[in-house]
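Take a look at the structure below.
The values are calculated or read from the model by the stated rules, or taken from the named source; none is laboratory data. Everything numeric here is computed off the predicted structure, so don't read it as measured data. All Cβ positions, even for glycine, are placed from backbone atoms using ideal geometry, and neighbour counts span all protein chains on display.
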């Protein structure tokens, strides 16, 4: 919630209209940075704190690790330590697994002087494509090769399982839903505080 009411805000900017453009630019950039950091943190932590993502199938990170190891010519293992049960193996493998974590650094914000707007989200075409796919969710058909791989690494697939379904993992819409009221209030407060600061500075001279 904003510190200033809408009527108070209007009176403040009316008192010093020549400062409003610069104050608005500063406020939008500041809020753009704040939201970018929230988006990055949401990706790293598995969803915004108001709406965490559903867990992936436990085989998913294991297959990802196996594919990367295969490209490097290495054999995939679940861990070097002696493990006695599948649950212990799985716990070790997934401890710290965070889907999409590497894409967090792709979050950006851009301010447009002409339109006085700020664009926040994933601006790189590749990152946008990957995040869009994650937001929609997708299904991966299990092939015979995948079954053999799962068996070889000691974590066989259940008979009758035909596909993995990755649940939707939305980020930007999720953040904006949770932050909408706050970001409007933040911009209003920062513009008003900026204008008031300059009014006080002028009066002190």
**Request:** Inspect all residues belonging to the stretch 80-91 and state whether any of them is at pLDDT 85 or above, part of a helix (DSSP H, G or I) and either within 28 Å of residue 172 (Cβ to Cβ) or in contact with a helix residue (DSSP H, G or I) (Cβ under 9 Å, 6 or more places away or on another chain) (or both).
**Result:** no
**Message:** Take the residues in the stretch 131-148 that are over 15 Å from residue 159 (Cβ atoms) and assigned to a helix (DSSP H, G or I); name whichever of them is nearest to the chain's Cα centre (by Cα).
**Reply:** 131
**Request:** From (1) under 16 Å from the mean Cα position of the chain (by Cα); (2) touching a residue at least 12 places away in the same chain (Cβ under 8 Å); (3) surrounded by 12 or more Cβ atoms within 10 Å (Cβ to Cβ), pick out the condition that doesn't hold for residue 154.
**Result:** (1)
**Message:** Going by what's in this entry, would residue 100 be described as at pLDDT below 85, at positive phi and surrounded by 17 or more Cβ atoms within 10 Å (Cβ to Cβ)?
**Reply:** yes
**Residue list for the stretch 34-67, filter: at pLDDT below 85, in contact with a strand residue (DSSP E or B) (Cβ under 7 Å, 6 or more places away or on another chain) and part of a helix (DSSP H, G or I)** = 59, 60
**Asked** Looking at 27, 22, which one is in a helix (DSSP H, G or I) and more than 18 Å from residue 183 (Cβ to Cβ)?
**Response** 22
**Message:** Quick check on the stretch 166-176. Is at least one of its residues in contact with a strand residue (DSSP E or B) (Cβ under 7 Å, 6 or more places away or on another chain), farther than 30 Å from residue 19 by Cβ, without any contact (Cβ under 8 Å) to a residue 60 or more places away in the chain and surrounded by 13 or more Cβ atoms within 10 Å (Cβ to Cβ)?
**Reply:** no
**Asked** Restricting the stretch 107-130 to residues that are part of a loop (DSSP other than H, G, I, E, B) and within 17 Å of the chain's Cα centre (by Cα), which is farthest from residue 172 (Cα to Cα)?
**Response** 124
**Asked** Do you know which of the residues in the stretch 106-130 that are modelled with pLDDT under 85 and under 12 Å from residue 43 (Cβ atoms) is surrounded by the most Cβ atoms within 10 Å (Cβ to Cβ)?
**Response** 127
